[in-house]
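These notes are about the structure you will find just below.
The values are calculated or read from the model by the stated rules, or taken from the named source; none is laboratory data. For clarity, every value in this text was computed on a predicted model and none was experimentally measured. Cβ: placed from backbone, ideal geometry, glycine included. Neighbour counts: every protein chain shown. With ligands, DNA and RNA removed, areas are computed over all heavy atoms of the protein, side chains included. Shrake-Rupley method; radii C 1.70, N 1.55, O 1.52, S 1.80 Å.
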Amino acid sequence: MGKTPTYRVVSNPVSTDPEDTGELTVLFAGESQTKPDHRVGPKIVDYYLLHHVLSGRGTFKIGEVKKELRAGHTFLIPPRQLVGYASDAEDPWRYRWVAFAGRQASALAEAAGLGPAHPVADTGERREPAEYCRSIFEAFKARKSSASLEAAGHLHLLLAALRDAATEAGPASLRPDSHAEELVRQVIGYLSTQYAEPVTIETMAEALGYNRAYLSRVFKRHAGMTPIAFLTQARVDHGRRLLRERPELTVEQIASSVGFRDALYFSKQFRRRYGESPTEYRQSSRS
């Protein structure tokens, strides 16, 4: 006995114009049990359209690339790309979909591991992608004033789940060089965002999941300085920017804003790096 075809879709009750989506807006969401050999396209759309396959099989074609898909696969249709897809004649697929647009859409899709060059993700038996698609659908169905914000939050979680699945499907371990580069990237990212906080190498190593001595050794070998030296440099550099851009702040306030508890120590480090005191630099930058 064949599966009964269904089709349900609900749009964002707050905003559905793809030309006016700001940073990121989910436009609509839906779910369908397709008919055997159900075909869509070839066609183009003006937004990102993500499908997650719940059951059954089908094919997806983008450009010259054709993929055979099954349950657990997610495929992304990017804007203005000619695509077509069709359900299997014997085991037609059931899927959920989410459409989104905005200035952040492309970068978020790439961050999730999806894009024109790699439009399909295999999430295996993970349940999160299907659940987040359904949560977006339910948020729109409830038609609350917060539906757009709620849907955007679920979309971020959906894309994060796709990224996790792609990471798990990748190589079991990084090559020594790429591992070191990834560690250095993580340290730089951590210190570049946490410089104003009372950072210690111990807390950073714990947060990143590395032994303190190992982290410091690898970072120094590849970055040419210790993590502490990088942190101090980042703080001084941000202090220099504030000296130029915020003339109403005192040197003490700037020192505190970039993570130095002692304004004299900030001044000492500033002079060591730039050859003049913060006050002298501020005066010279004004002139």
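Structure data summary
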{"item": "Cα gyration tensor shape for the stretch 85-225, rounded if a/c is under 1.5, else prolate or oblate", "result": "prolate"}
{"item": "5 angstrom amide H check on F28, placed H, neighbours 5+ away", "result": "N12, A99"}
{"item": "Rounded to the nearest 20 debye, dipole of the chain from Cβ charges on Lys, Arg, Asp, Glu", "result": "440"}
{"item": "Whole-percent carbon and sulfur share, accessible surface of the stretch 143-287, 1.4 Å", "result": "51"}
{"item": "The chain - convex hull of the alpha-carbon atoms, volume per residue in Å³", "result": "192"}
{"item": "Distance histogram for the stretch 1-160 (every C-alpha pair counted, 5 angstrom bins, percent rounded to whole numbers)", "result": "2, 10, 19, 23, 22, 15, 7, 2, 0, 0"}
{"item": "For the stretch 128-287: accessible area per residue (Å², 1.4 Å)", "result": "59"}
{"item": "Hull volume in cubic angstrom per residue (convex hull over the Cα atoms of the stretch 195-277)", "result": "96"}
{"item": "Neighbour net charge for D262 - beta-carbon separation under 13 angstrom, K R +1, D E -1", "result": "+2"}
{"item": "Helical segments meeting 24 Å axial Cα length and Kyte-Doolittle -1.0 threshold in the chain (DSSP H)", "result": "147-169, 176-194, 227-245"}
{"item": "Dimensionless Rg/Rh of the stretch 74-129 - Kirkwood Rh, Rg from C-alpha atoms", "result": "0.98"}
{"item": "FRET efficiency estimate (nearest 0.05) - Cβ-Cβ, T200 to E252, R0 25 angstrom", "result": "0.65"}
{"item": "Separation between Cα centres of the stretch 119-159 and the stretch 174-247, rounded to whole Å", "result": "34"}
{"item": "Förster radius 25 Å - calculated FRET efficiency between A89 and H118, Cβ distance, rounded to 0.05", "result": "0.35"}
{"item": "Per-bin percent of Cα-Cα distances, the stretch 53-98 [5 Å]", "result": "6, 23, 32, 24, 13, 3, 0"}
{"item": "Theoretical gain in end-to-end length, A213 to D164 [0.36 nm per residue, Cα-Cα removed]", "result": "14.8 nm"}
